[in-house]
Amino acid sequence: MFSSPTDDQATTLLAPAAGGVSLFPGEVAPLDGSADPFALLSATEAALYAGVTAGAVCNWRRRGHLPAATDAQGREIRDSHGRPKYRLADVARAELATSKRARRAA
């Protein structure tokens, strides 16, 4: 069963490292824009990157804001448990689109 990180853990995981921005635990993207936009993320990793909950990431997918990653044959890429994976670039686009919408509604 998944357990959510505490506020202290989430802050630590999302805090920028020296010379880069934290994408998810153990991964730091340099500020020079060389992060791999095709990196595959789980819903939990995507949520950490976007600063939202994993449930929000699942909602983005259900509402059509976030497509699951696909292989060359067009099949969804899934982890060993059957859960969809997401491309970093798609997560960033979904976060931008939904955050603009949230600001407009507020």
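None of the figures in this text is laboratory data; all of them are computed from the coordinates on show. Bear in mind the structure is a predicted one, so any value in this text is a computation, not a measurement. Cβ coordinates were reconstructed from backbone atoms using ideal geometry, including for glycine residues, and neighbour counts include every protein chain displayed.
Assorted remarks:
- Most to least packed among 80-90, 36-46 [average Cβ atoms within 10 Å]: 36-46, 80-90
- Counted residue by residue at 0.36 nm each, then reduced by the alpha carbon distance between them, the extension gain from Arg62 to Arg83 reaches 6.2 nm.
- Vicinal HN-Hα couplings computed from phi for region 61-68 (Karplus, 6.51 cos²θ - 1.76 cosθ + 1.60; Hz; Gly/Pro x): 5, 4, 8, x, 7, 10, x, 6
- Projected onto their three principal axes, the Cα atoms of region 37-106 cover extents of 40, 21, 20 Å, largest first.
- The relative contact order of region 39-106, computed from alpha carbon pairs under 8 Å that lie at least 6 residues apart in sequence, is 35 percent.
- Near the amide H of Thr70, within less than 5 Å, lie the amide hydrogens of Ile77, all on another chain or at least 5 residues away, with H placed in the peptide plane.
- Charge-dipole axis of region 34-77 as Lys and Arg at +1 and Asp and Glu at -1 on Cβ define it, positive-most pick from Ala46, Thr70, Cys58: Cys58
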